[in-house]
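What follows is a single structure, written as structure tokens, with notes after it.
The values are calculated or read from the model by the stated rules, or taken from the named source; none is laboratory data. Owing to the predicted nature of the structure, the values given are computational and were not obtained by experimental measurement. As a convention, Cβ positions derive from the backbone with ideal geometry for all residues, glycine included, and neighbour counts pool all protein chains shown.
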Amino acid sequence: MTHRITLTVNGIQRTLHVEAADTLLRVLREELHLTGAKKGCGEGECGACTILMNNQAIRACLVLAVEADGADIVTIEGLAPPGEITRVQKAFIEADAVQCGFCTPGFVMALEGEMRRNPHATRDDLLNALGGHLCRCTGYESILQATDTLARQLAQKTKKSKK
Amino acid sequence: MNLEYCKPQTLEDLLAETRAGTHLMAGGTDLLVDMRSRKKTVQRIVDIKAIPELRGIRETKSGLEIGACETFTALRESPLVAAWSPALRECADVMGCHEIRHRATLGGNICNSSPGCESGVVLSVHEAQVRIASTRGVRLVPFDTFATGVNRTCLEPDEVVLSIILPKAADSLSFYRRITRTAGMDLACWNGAALVLQPRTPAKRVVRISFGTVMPAPYRPRAAEALLSRRPLTPADMDQAYDLIIREIAPRAGSVRASPAEKKRAIRNFLDELLERLAP
Amino acid sequence: MLVRPADVDATEQLRPSYHVIFSRSKPQVRFFCICSKGANVLRFPINQPKEEASVKQVGRSVVRADALEKVTGQAIYVDDLQFPGMLHGRVLRSPYAHAKIVSIDTSAARQAPGVRAVVTGRREEQDVGGGKLPLVGACIVDQLPLAMDRVRFAGEAVAVVVADTVAAAEHATTLIKVEYAELPVLTDARQAMAKDAPLIHPDLGSYECAKGFHPKPGTNIFHHYQLRKGDTRKAFAKCDVVLEQEFSYPHMSHCQLEPHGALVRWDPAGSVEIYSSTQAPFVVRGYLSRAFRLPLSKVRVRAPVVGGGFGGKSDYTLEPLAAYVARQVPGVWIKLIYEREEMFNGTLVGRGVTGRYKLGAKRDGTVLAAQIEYILSGGGYGECAINVAVGGGQNSPGAYHIPNIAVDSYAVYTNLPPVGAFRGYGHPEGQWMAERMMDLLARELKMDPVELRLKNAYRAGDKNAIAQRLHPTQGDLPQCLREAAKAVGWKMGQSNVVKTRTGFRTKAVCSLMKSPVQATNAQVAAILKFDEDGGVNLIITTCDMGQGSATVYGQIAAEALGLPLERVHVVRDPDTALFPADWQTIGSKGTYTGGIAIVRAAEDAIAQIRATAAKALRVPVAKVRYQDGRVVIGKRHHDIGLFTNGYMLADGRTIGRPVVGYGAYTPDLQIPGIRKPGLQIGQGNVSASWTFGAQAVELEVNPKTGQIKVLQLVTAIDAGRIINPRLARGQVVGGMVQALGQTLMETMIYSDKGVLRNGRFTDYKIPALEDLRDTAFKVIFVETPDRNGPFGARGLAEHGTVAIAPCVANAIARATGQDLYSLPIRL
């Protein structure tokens, strides 16, 4: 059964025809060619498919495309205009929190989601947002460093805004 | 292969769509996994996320009513849940992971009815009521009657869970524990919850405990509860309670998640913690 | 929060900032090219370690070359490739671990919507001409791309559907009817070795086999590797203490986040092109060429960005199957991407060793003898397992000078998924035994376990198990032991166990070692191609799957040429048609062997530059110096760009030709097991280099709950000169955490019928961030420069995995008295 859906993806309105059984992940990757979100397991266990839907971090492999009708979707490709990167991406590069890179978009989106949702997120909040993300390469030390950097930045901002 | 999908906008429409051969979908975090593994053959999905009657966390005269479509994130962040049931808050904190919690719902969790589902043991000790609707009307079912076995509930094919009601338990303490294989995302390989009414008055104290993964549905060991209620407690009492429980439960050998020995040890430690919390 | 130059908090930004060109149209990574503002310039300030004139490239923690493309989701992995008209494949797999295929009925599947073909392994379909079958293998040729008349593990591919969409192909697989006749299942290697065990490969005797391998026809043993040094029988008789113990290390899964995938197109004219998530494009080419009887030039293999390998994407995985399918549906691109479940039961697994270790010593702690039985449960097919039995067996005595050694290592067929390379390659398995034994011995002798290890540790001048004499430049194991002990806070002679409110805090220190286990002809070549503006392109086939080779190679090339990093571009995405050969990216040998090839290529390029300069400027070559990327004649300095593409005189005549530097590395090794005069069996020059180290852990153990909290993970490693400390640290830490997973939570759980029960992340758990958030990681590099390695570097990518498991078990034993000999450890 084919459904017509209209959704905003990275700021651009899209109209698509999807099968009921299509996951949002498949549609983003194969119909819209936004291949930044990855398929690591297909059952929501690894986090590599994480995107923002209506400002919440969700696992695109566990969402049917039809459920995204009317939704506002942000993928890793839509985090920043070309030529720019976000604080999260910068922190990951500087901490060398990227090895094979397959899990990286998921980690970045999870942190972006949490920081947008909660501008006063603490280190614990950020780590909680990453609780279900698997990385097989880094051993997490560098990811923890990147997260600590972001937490410090947020804390400084919170301090400044309180003054 | 030709999967059907619809998303009714009113409760009336939803009830009209609910029938045998239909799979209701809230967060989809169990349904899509079961479709993938072919545990379920799904031909027709009815998305229930647009129904207003399935939302809301509010205090009513019956108790704390939680809409079936409330997510685990909503449970975690609700001051009402925190006040009414620390145990429910605790299980919501650890269920799945961040992204899963944004989608997974309390209704979905109990309808999937896994023996180790996170909320089952908590609703069990609260003696929660499950509010169920169909075209024939609305009925209330105690949670322990609702969950009937492994992935089984008392729901008829045309019924929908509207909400879950936690009865008032003003003077109480509750907690939730589980064991897992990793500190990251994991199912509960064993879990347990306790609700103690009037915890500081041993003579009036009522102890309720419920364990998951040791029987087909969350299990209340009544004999042990009777032993532990209405009296001050000693370590010897906990030993006795433990023996009573062990005799009644039947954890499956050969589970890939936790062995019977690990589950028994967890029960033992749970009872020790209960004693610690109740000790004057 | 976006980072724009104006927004950046000045206190955060270090000077200088670097400009990076990022162009999606070119499949290259460019290193920090300084350029003017152009349409495709991506400007962002990244905090880069300061580059001073005197600081060279080696030893700098430069930012990973491909970090930007990965962090922005621009990196292209195989499943990101989409070609017009592309079709999709899905595999039907055997539910039985051992069975005859009686019949396959594909008629309903072929009629299903969207289906273009259904491919099976029937003999007629497998015939590649003249009745020949596309057997895959080089060491032991025992596998067909698709099961023909028999399946040997639950998960073996039986049929493949090719359809317009994955969903259509998936649906059609459910319509294929396969009739099986079950055969007895062997899930235990010792059982499979028993006399009269049912044969998994009854025709073993007729299989082609490379020199140096000894399958035993009429049994399930497909190789028996032996090592003999000295006389263990006599030596044990002289020992004051003899201990013996059995161990096991079950099958584990690599769990790379990116599943296997391939895109293949078989040209009807008789050639095949394949993109694969592989660590081994040239080896894959070789396998396909042999199996399908194609000249190598007709097989083109390309590797896009690879999302983790860990050995599980080396040798071959799904490529023969994908090529086989494409051959039946020629002229169109076919994409085959494995699901996570298939990664568990449909492809290579790792580990799977049971063993027995007998250790003998004098009362003063001098180890005299070790006798080891190392049994590898190789799974249904042996090609990828056979060398693990050799490498693992060879180094199972551990990093100690033991004058008498007997190792018998068996590679055994079992009805389980086939074993292949998995980071560590038999060394974690062997040293799980060796390092536990050392602690048992220390306990028996009432000796400090670190002191015992120091007493017996390999030192320069020692002849090791395979009769190679260890050279001082191969590393300082005693220093590593001391550093690891110091870092973890080991107190010599004391218990190192502290009682806490909930249990114990405890420590342990272990040695580790590994050499690359490689083919004797494992060559790698490098090409340096110069641009007219003096920029240089490095072309070398090493698959950067996250270990950082693209970055490190750029540093080595820049160092060797004396050029700033910005002028070196490491060309990406290996292509067997265009790139020089490289055996495989495995064995922790990339930096060592690739680096040597690059240094030689630089030397070659410099010689050509000097020759052109000499001719152009009419001076003897001897007067032409090359220094820091400039040609120096007398007092005059010239940019090399003048000479790299021909030097044009004032009148237009041009002298010289484009400089292309070429360098290669070939190991001078011999086949393990082939005896040379004067050596005992199994000995010989079989390892090109060695890396030694030591690891330590500190744990908190709660006996009541069984919880183990990891407080410290320590590695002190002597990998020679570290080219990029940050990347190197990433490798070591990543390896330690993988090992921790295998120690505490990972294992393949099979039913007694050989069916995998936990083939999903839901039930195969790997370490998560929460498991490590309170762990202190300590990595110490003891840098004894290697005499051959580039700028003194040696390999280290796998070594972090080698000794963590015995460290954990030893620490627990010291605290609770519980002796564990199997993994994973669940208290």
Within the stretch A:70-81, the residues that are facing chain C (nearest Cβ under 7 Å) and without any contact (Cβ under 8 Å) to a residue 12 or more places away in the chain are A:A80
Within the stretch C:278-312, of all residues that are basic (K, R) and in contact with a helix residue (DSSP H, G or I) (Cβ under 8 Å, 6 or more places away or on another chain), the one farthest from C:K589 (Cα to Cα) is C:K298
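Of the residues B:T148, B:T234, B:T153, B:T180, which is surrounded by fewer than 23 Cβ atoms within 10 Å (Cβ to Cβ) and more than 21 Å from the chain's Cα centre (by Cα)?
Details: B:T148 fails: more than 21 Å from the chain's Cα centre (by Cα); B:T153 fails: more than 21 Å from the chain's Cα centre (by Cα); B:T180 fails: more than 21 Å from the chain's Cα centre (by Cα).
The unique qualifying residue is B:T234.
Within the stretch C:122-152, work out how many residues are among the small types (G, A, S) and over 21 Å from C:C384 (Cα atoms). Spell out how you get there, then give the answer.
First, pick out the residues of the stretch C:122-152 that are among the small types (G, A, S): C:129-131, C:137-138, C:147.
The next check asks that each one be over 21 Å from C:C384 (Cα atoms); those that pass are C:129-131.
Within the stretch C:122-152, residues that are among the small types (G, A, S) and over 21 Å from C:C384 (Cα atoms) number 3.
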Looking at this structure, is C:K753 surrounded by fewer than 19 Cβ atoms within 10 Å (Cβ to Cβ) and within 14 Å of chain B (Cβ to nearest Cβ)? yes
Restricting the stretch B:237-254 to residues that are in a helix (DSSP H, G or I) and of a type outside the set (A, V, I, L, M), the one surrounded by the fewest Cβ atoms within 10 Å (Cβ to Cβ) turns out to be B:R247
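Is it the case that some residue within the stretch C:757-765 is more than 14 Å from chain B (Cβ to nearest Cβ) and touching a residue at least 60 places away in the same chain (Cβ under 8 Å)? Don't jump to the end; show me each part of the working.
Kept after step one, since they are more than 14 Å from chain B (Cβ to nearest Cβ), are these residues of the stretch C:757-765: none.
Taking every residue of the stretch C:757-765 in turn, none turns out to be more than 14 Å from chain B (Cβ to nearest Cβ) and touching a residue at least 60 places away in the same chain (Cβ under 8 Å).
Listed residues C:G741, C:G800, C:G735; which is part of a helix (DSSP H, G or I), among the small types (G, A, S), within 14 Å of chain B (Cβ to nearest Cβ) and out of contact with any Phe, Trp or Tyr (no Cβ under 8 Å at 6 or more places or on another chain)? Can you show your working first?
Values: C:G800 fails: within 14 Å of chain B (Cβ to nearest Cβ); C:G735 fails: within 14 Å of chain B (Cβ to nearest Cβ).
Residue meeting the stated conditions: C:G741.
Please go through the stretch B:160-180 and pick out each residue that is farther than 18 Å from B:I267 by Cβ and within 14 Å of chain C (Cβ to nearest Cβ).
Step one: filter the stretch B:160-180 for residues farther than 18 Å from B:I267 by Cβ, giving B:160-173.
The answer is none; no residue qualifies.
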Only one of C:G311, C:G350 is within 14 Å of another protein chain (Cβ to nearest Cβ) and either within 23 Å of C:D573 (Cα to Cα) or of a type in the set (D, E, K, R) (or both), namely C:G311
Picking from B:A74, B:A16, the residue that is at pLDDT 95 or above, more than 18 Å from B:A188 (Cβ to Cβ), hydrophobic (A, V, I, L, M, F, W, C) and surrounded by fewer than 19 Cβ atoms within 10 Å (Cβ to Cβ) would be B:A16
So, first residue more than 11 Å from every other protein chain (Cβ to nearest Cβ) and closer than 24 Å to C:S103 by Cβ in the stretch C:163-179, second residue surrounded by fewer than 21 Cβ atoms within 10 Å (Cβ to Cβ) and of a type in the set (S, T, Y), Cβ within less than 9 Å, six or more apart or across chains; the pairs are C:K177/C:S103; C:K177/C:S107; C:V178/C:S103; C:E179/C:S103
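Taking C:R453, is it in contact with a Phe, Trp or Tyr (Cβ under 9 Å, 6 or more places away or on another chain), surrounded by 18 or more Cβ atoms within 10 Å (Cβ to Cβ) and closer than 28 Å to C:K709 by Cβ?
Values: in contact with a Phe, Trp or Tyr (Cβ under 9 Å, 6 or more places away or on another chain): yes; surrounded by 18 or more Cβ atoms within 10 Å (Cβ to Cβ): yes; closer than 28 Å to C:K709 by Cβ: yes.
Against the criterion (in contact with a Phe, Trp or Tyr (Cβ under 9 Å, 6 or more places away or on another chain), surrounded by 18 or more Cβ atoms within 10 Å (Cβ to Cβ) and closer than 28 Å to C:K709 by Cβ), C:R453 qualifies.
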Screening C:N758, C:N788 for residues that are at pLDDT below 95 and either more than 30 Å from C:K499 (Cα to Cα) or not in a loop (DSSP other than H, G, I, E, B) (or both) leaves only C:N788
Taking the stretch B:118-173 and keeping residues at positive phi and either touching a strand residue (DSSP E or B) at 6+ places or on another chain (Cβ under 8 Å) or among the hydrophobic types (A, V, I, L, M, F, W, C) (or both) leaves B:E127
| When you look at C:K709, is it at pLDDT 95 or above, in contact with a strand residue (DSSP E or B) (Cβ under 6 Å, 6 or more places away or on another chain) and surrounded by fewer than 20 Cβ atoms within 10 Å (Cβ to Cβ), yes or no? | yes
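Being buried (at least 24 other Cβ atoms within 10 Å of the Cβ), in contact (Cβ under 8 Å) with a residue 40 or more places away in the chain and either part of a strand (DSSP E or B) or small (G, A, S) (or both), is that true of even one residue in the stretch C:122-133?
Taking every residue of the stretch C:122-133 in turn, none turns out to be buried (at least 24 other Cβ atoms within 10 Å of the Cβ), in contact (Cβ under 8 Å) with a residue 40 or more places away in the chain and either part of a strand (DSSP E or B) or small (G, A, S) (or both).
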Considering the stretch C:770-817, residues that are touching a His at 6+ places or on another chain (Cβ under 8 Å) and charged (D, E, K, R), and then whichever is surrounded by the most Cβ atoms within 10 Å (Cβ to Cβ), we arrive at C:E798
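Taking helices (runs of 4 or more DSSP H) that fall entirely within the stretch B:28-103, which contain at least 3 residues that are away from chain A (no Cβ under 11 Å)? Give the derivation first.
Working: elements: B:31-37, B:72-77, B:79-84, B:86-94, B:98-101.
Hits in the stretch B:28-103: B:72-77, B:79-84, B:86-94.
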Going through the stretch C:279-308 in order, the residues found to be more than 14 Å from every other protein chain (Cβ to nearest Cβ), closer than 22 Å to C:A75 by Cα and of a type in the set (A, V, I, L, M) are C:A280, C:V301
Out of (1) part of a strand (DSSP E or B); (2) under 31 Å from the mean Cα position of the chain (by Cα), the one C:V162 does not meet is (2)
**Check on C:Y275, over 15 Å from C:M545 (Cβ atoms), within 24 Å of the chain's Cα centre (by Cα) and not β-branched (V, I, T)** = no
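This table checks each residue for (1) in a loop (DSSP other than H, G, I, E, B); (2) under 30 Å from A:L127 (Cβ atoms).
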| residue | (1), (2) |
| --- | --- |
| B:A193 | no, yes |
| B:R208 | no, no |
| B:P216 | yes, no |
| B:D272 | no, yes |
Selection from the stretch C:243-282 of residues in a helix (DSSP H, G or I) and either surrounded by fewer than 24 Cβ atoms within 10 Å (Cβ to Cβ) or touching a His at 6+ places or on another chain (Cβ under 7 Å) (or both) yields C:F282
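What do you reckon, is A:G70 surrounded by 21 or more Cβ atoms within 10 Å (Cβ to Cβ) and either more than 11 Å from A:L25 (Cα to Cα) or touching a helix residue (DSSP H, G or I) at 6+ places or on another chain (Cβ under 6 Å) (or both)? Step through it out loud before you land on a result.
Details: surrounded by 21 or more Cβ atoms within 10 Å (Cβ to Cβ): no; either more than 11 Å from A:L25 (Cα to Cα) or touching a helix residue (DSSP H, G or I) at 6+ places or on another chain (Cβ under 6 Å) (or both): yes.
So A:G70 does not fit the description; no.
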Of the residues in the stretch B:118-135, those that are closer than 13 Å to B:I209 by Cα and of a type in the set (A, V, I, L, M) number 4
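Need at least 1 residues that are at pLDDT below 95 and farther than 30 Å from C:G800 by Cα per element, so show me which helices (runs of 4 or more DSSP H) inside the stretch A:41-152 make the cut, counting only ones lying wholly within it.
On the way: elements: A:87-94, A:104-117, A:123-129.
Once the helices (runs of 4 or more DSSP H) in the stretch A:41-152 are filtered for at least 1 residues that are at pLDDT below 95 and farther than 30 Å from C:G800 by Cα, what remains is A:104-117.
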Of (1) closer than 29 Å to C:Q468 by Cβ; (2) surrounded by fewer than 24 Cβ atoms within 10 Å (Cβ to Cβ), C:R726 satisfies every one except (1)
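Report, by residue number, each residue of the stretch A:93-116 that is among the β-branched types (V, I, T) and farther than 12 Å from A:L52 by Cβ. It would help to see each step written out before you state the result.
Start the filter on the stretch A:93-116 by keeping residues that are among the β-branched types (V, I, T), which leaves A:93, A:98, A:104, A:108.
Those that are among the β-branched types (V, I, T) and farther than 12 Å from A:L52 by Cβ: A:I93, A:V98, A:T104.
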